[in-house]
Amino acid sequence: MCPQQLFEIKVFKEKHHSWFINQSVQSGGLLHLATPMDPLFLLLYYLKKADKEGKFQPLDQVVVDDMFPDCILLLKLPELEKLLQHVTDEKEIDKKKYYKYSKEKTLKWLEKKVNQTMAALKTNHINVGARVQSSAFFSSHQVSTDKEEDYICYAHGLISDYIPKEISDDLAKHLKLPESSASMPNPPSKKVKLSDEPVEAKEDYTKFNTKDLKTEKKNSKMTAAQKALAKVDKSGMKSIDSFFGVKTKKDVGKI
C-alpha cells in the first residue's frame, strides 16, 4: 500500500506455469493484479466493531488490530475524513473529531456501490442470471425472470465479499432482495456421537439373516421364466441329475 492510495492485490497462480521474457523462460508464472480499492471497505469492520460500545470515538481508538498492527496506515490516507462522512456520524470537541458508525448512511453508500457494480456488469455484457440462481440456491418458485433483479443480487454478492456479514444482511434487506433457501429450515440430520458411552441400537438387526440376503440377491438375478418355474410344486418329481448319474450295481447273492 502506498501512502497516497490503497490497492487490492490478487495473485493468479497455477501449478505449472511460466513466463517467456525476451529469450528466457521465467519459472513460477505468478501474476499479480493491483486494483484501486476504497478504504471504507476496510474501515467498516472496525467501525462496526466499535459501534457495540455505542459512543463516539477518535479514529486512532477505533482502528486497532493486534493481528494487523499496520492497519493504522489507513489513517494516513488523504481525504479520509471526507470519505468517513459516507458511513459515520461525526462530532468535534476541542478541535478533535470523534466518529460513530451510521447504519443509515452506510446502507445508502453501499447502495450506490451496488448500482455502480451493476452498471459495470451491464457495460461489459456479463450474463449473471444463471450464476445468481446457482450460487444463491433459490427454490423454483423464488427464481425471478427479471434481469434487473439478477444484476442486483449478483452485485450485492460481489460487494458482500468486502463487508462484514451483518452489514451484508442489512444491505440485502435494504435492497429488498428475495430470501435464499439457505435461510429456510433444513431437514433434521442425524446427531453426531459426542460421548464415549455405547449407543443402543434402535432396531433389531439380528432379524436380517445372511442366508435370506443371499437368497434375495439370487432371486433378483432370475429371469421371469425362472421365477415362474420356481413356483411349480416339485414334490414327488425326480431331479434331472438322476437320469444321468452313474448306476450302482446291485449285489447278487450266491446260488
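The values are calculated or read from the model by the stated rules, or taken from the named source; none is laboratory data. Being a predicted model, the structure only gives us computed values, none of them experimental. So basically every Cβ, Gly included, is an ideal-geometry build from the backbone, and we count neighbours across all protein chains shown. Heads up: the accessible areas ignore ligands, DNA and RNA and are worked out on the full protein's heavy atoms, side chains in. Shrake-Rupley method; radii C 1.70, N 1.55, O 1.52, S 1.80 Å.
The set of residues from the stretch 18-50 being more than 20 Å from P69 (Cα to Cα) and either touching a Leu at 6+ places or on another chain (Cβ under 8 Å) or open to solvent by less than 50 Å² (accessible area, probe 1.4 Å) (or both) comprises G28, G29, P36. Only one of A182, A136 is open to solvent by 70 Å² or more (accessible area, probe 1.4 Å), within 30 Å of L47 (Cα to Cα) and at pLDDT below 50. Can you tell me which? Criteria check complete, one pass: A182. Pairs meeting the criteria (first residue in the stretch 34-56 and in contact (Cβ under 8 Å) with a residue 40 or more places away in the chain, second residue surrounded by fewer than 11 Cβ atoms within 10 Å (Cβ to Cβ) and β-branched (V, I, T), beta carbons under 9 Å, at least 6 apart or on different chains) are F56/I93. If you go through the stretch 94-111 and keep only what is open to solvent by 100 Å² or more (accessible area, probe 1.4 Å) and within 22 Å of A172 (Cα to Cα), you end up with K103, E104, K108. Contact map, the stretch 57-73: first residue open to solvent by 30 Å² or more (accessible area, probe 1.4 Å), second residue assigned to a helix (DSSP H, G or I) and among the small types (G, A, S), Cβ cut-off under 8 Å, separation 6 or more or different chains; pairs are Q61/A50. No other residue among K55, K82, K49, K91 is over 30 Å from the mean Cα position of the chain (by Cα) and in a helix (DSSP H, G or I) apart from K82. Would you check which residues across the stretch 105-129 are within 14 Å of L44 (Cβ to Cβ) and either in contact with a Phe, Trp or Tyr (Cβ under 7 Å, 6 or more places away or on another chain) or without any contact (Cβ under 8 Å) to a residue 40 or more places away in the chain (or both) and list them? Within the stretch 105-129, K105, K108 meet the criteria.
What pairs can you find where one residue is in the stretch 153-164 and of a type in the set (V, I, T), the other is at pLDDT 95 or above, and their Cβ atoms are less than 6 Å apart, with a gap of 6+ or different chains? As it stands, the answer is I159/K113; I159/V114; I163/L44, since those pairs meet every condition given. Look at K91 and say whether it is open to solvent by 90 Å² or more (accessible area, probe 1.4 Å), of a type outside the set (S, T, Y) and within 16 Å of I163 (Cβ to Cβ). No, not satisfied.
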